[in-house]
């Protein structure tokens, strides 16, 4: 676990966009048990591909005309309980950070894992997110 002062800017990159942080398992259950509309869960991370690729891609994608009704984040390695609980909703996928999961009516409809993020530029990731939003949101 890193000192909280180090990760505050990484958290704020998302919260400044209106992303709601979930820091406990109870918060994750409360939000993800809702079966209505669309929700995206971002597994934030301190790694370089989160900083240089994922968070900028999320920023760009959330400017799109279609987007999820609700957007949440958990921080891998920092908010361990919340991250572990969120991952139980990612049925069929191994733990990965950073990652993004999109739910529609309570069902996982798209998952983007680290392997889908780390070798692409943020514009490419943002464009994929926009296509996914158009399809599901």
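Tabulated results
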| read-out | value |
| --- | --- |
| Least to most buried among 72, 90 (fewest other Cβ within 10 Å first) | 90, 72 |
| 222 nm mean residue ellipticity, helices alone, for the chain (DSSP H n ≥ 4; -39,500 (n - 2.57); rounded to 500) | -11500 deg cm²/dmol |
| Distance between modelled label sites at residue 26 and residue 1, nm, 7 Å Cα→Cβ extension | 1.8 nm |
| Value of relative contact order over the chain, rounded to a whole percent, pairs C-alpha under 8 Å and six or more apart | 33 percent |
| Packing-based order for 54-61, 30-37, using average beta carbon neighbours within 10 Å, highest first | 54-61, 30-37 |
| Residue-span extension gain [residue 84 to residue 108] - 0.36 nm each, minus C-alpha spacing | 7.0 nm |
| Gained length - residue 51 relative to residue 124, 0.36 nm times residue gap less alpha-carbon distance | 24.8 nm |
| Shape call, the range 4-136: gyration tensor on alpha carbons, a/c limit 1.5 | rounded |
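Readers should treat all values here as calculations from the given coordinates under stated rules, not as data from a laboratory. On a predicted model such as this, the values are computed, not experimentally measured, just so you know. Neighbour counts are summed over all protein chains in view; Cβ atoms, including those assigned to glycine, are modelled from backbone coordinates with ideal geometry.
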